[in-house]
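Read-outs throughout are calculated quantities, based only on the coordinates presented, and are distinct from any laboratory measurement. The shown structure was predicted, so the numbers you read here are calculated from the model rather than taken from an experiment. Neighbour counts run over all protein chains shown; Cβ positions are idealised from the backbone, glycine included.
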Amino acid sequence: MTEQTNLDQRPRLPYSIGTGIPKQGQAEIEGYLQSLRLQGFCVIERVIPQDEVAAARDNLLRGRQLLLEDRQREHCQRIELERQRNPQAEINDSPQRLDPWRADPAAPPLPPQAEICDIARCEVFAEYLAAPRVLQVARAILDPHIRILQTEVNKSSRPSAKPISAEQLRSRGWHSDWPHDLTAYGPNEEQPWKHCGAVAQPFPDLCMALSTVWYLGPEDVTPFNGGTWVVPGSHKDPRNPRGPEDGIDSSAPIPGELQVSAPAGSVFMQDTRLWHSGARNQSQYERTAVVCRYGPWWLSGNEFGNLHSGGHTLRTYVPPEVYANFSPQLQLLYRHLVAGEMDVLQPGNQEAAARAQSLGRAERSGDNSQLVVGGMRVEEWERRRAEGCA
Ligand SMILES: O=C(O)CCC(=O)C(=O)O
Ligand SMILES: [Fe+2]
């Protein structure tokens, strides 16, 4: 194997709590940003404080039960609506069921055609999604205006009922995440609407979204109990484990792979391009986890809903009465899913836009002779802005 000198050397050491990233202040955020840019992932430690993890987990487990009941109710309502429309109709999950929606695709479906968003019944856990460190990192990588485009509260890695074989331990499920997942839950003849799109290869050199896995214990996450597999640096590789022409076996180990370790309550965050895989859990305890995707305002979330987690629709919604109890920070992340709420574009950028509009001729004057195009790294640009001399 050739030596890959463009990769960060740190992941060759076990990735864990102390990977050299300072544990407070702006230096901590910078460490995560650097890790995301170089390796394609980072672990934000203990976003949920140690003594709050159990309560967050209990809230999630209860929420899962309530969601089952919600979905059953929505299912019955859908059937009832169909009966009213056409008493003769055979009630099933065929694509015809969604004909009215397909005839008017611009209008997002309302409940019960849309399904309740997983976050709606996990109000204690939900608030951590707006934790300042997580938002700071996501906004710095994506845009000041971010929103959550996917919430799945049932992403546990469960203990195996039977002994796990060596072959099973060697098996991977390498993929990148939506919108870079090349298998993309595509349409078929019966269900042409069933798709969620994929960015075409070669992927633009741009982080379009951040997937997060929230490890909710009860154990700290290790390679033994389901620590997510990653291939550091793979977010920059034009190939993809699911690329049809790339000759990669998505179920075999890949040189350079490693498994994430993190204390319970931590958040694994990755560029959606990163090659990663779920892992077997050899412990007797469930590795409770939530998967959540943060995206910038410009990335359509309409193509990604509950289909992925076995639901019926592309669209999910948060009930207004649940949303009303969210903190203002959390509301910003979910308001695009709430009937009657407007997701005003780019609130965080409006100040910069106003300044750009108000710049006078005098402030722009100069001959540009000092410019060396391509000669400034983003870190220097940020430093100069902070010092007021950009
Ligand atoms: O459970 C994990 O560790 C990874 C989950 C994952 O890759 C996914 O949900 O797309
Ligand atoms: Fe994934």
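Numbers for the structure displayed
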read-out: Hits in the stretch 221-233 (condition: more than 18 Å from Arg293 (Cα to Cα) and within 14 Å of ligand 1 (Cβ to nearest atom)); value: Val221, Thr222, Pro223, Phe224, Asn225, Gly226, Gly227, Val231
read-out: Subset tally (residues that are away from ligand 2 (no atom under 14 Å from the Cβ) and in a loop (DSSP other than H, G, I, E, B)) for the stretch 157-191; value: 14
read-out: Search result, residues across the stretch 281-294 that are more than 10 Å from ligand 1 (Cβ to nearest atom), closer than 19 Å to Glu152 by Cα and over 13 Å from the mean Cα position of the chain (by Cα); value: Glu286, Thr288
read-out: From Glu387, Glu351, Glu363, Glu321, residue being closer than 30 Å to Ala120 by Cβ, loosely packed, with under 11 Cβ neighbours inside 10 Å and without any contact (Cβ under 8 Å) to a residue 40 or more places away in the chain; value: Glu321
read-out: Filter result (assigned to a helix (DSSP H, G or I) and either among the basic types (Lys, Arg) or touching a His at 6+ places or on another chain (Cβ under 8 Å) (or both)) within the stretch 113-139; value: Arg121, Arg133, Arg139
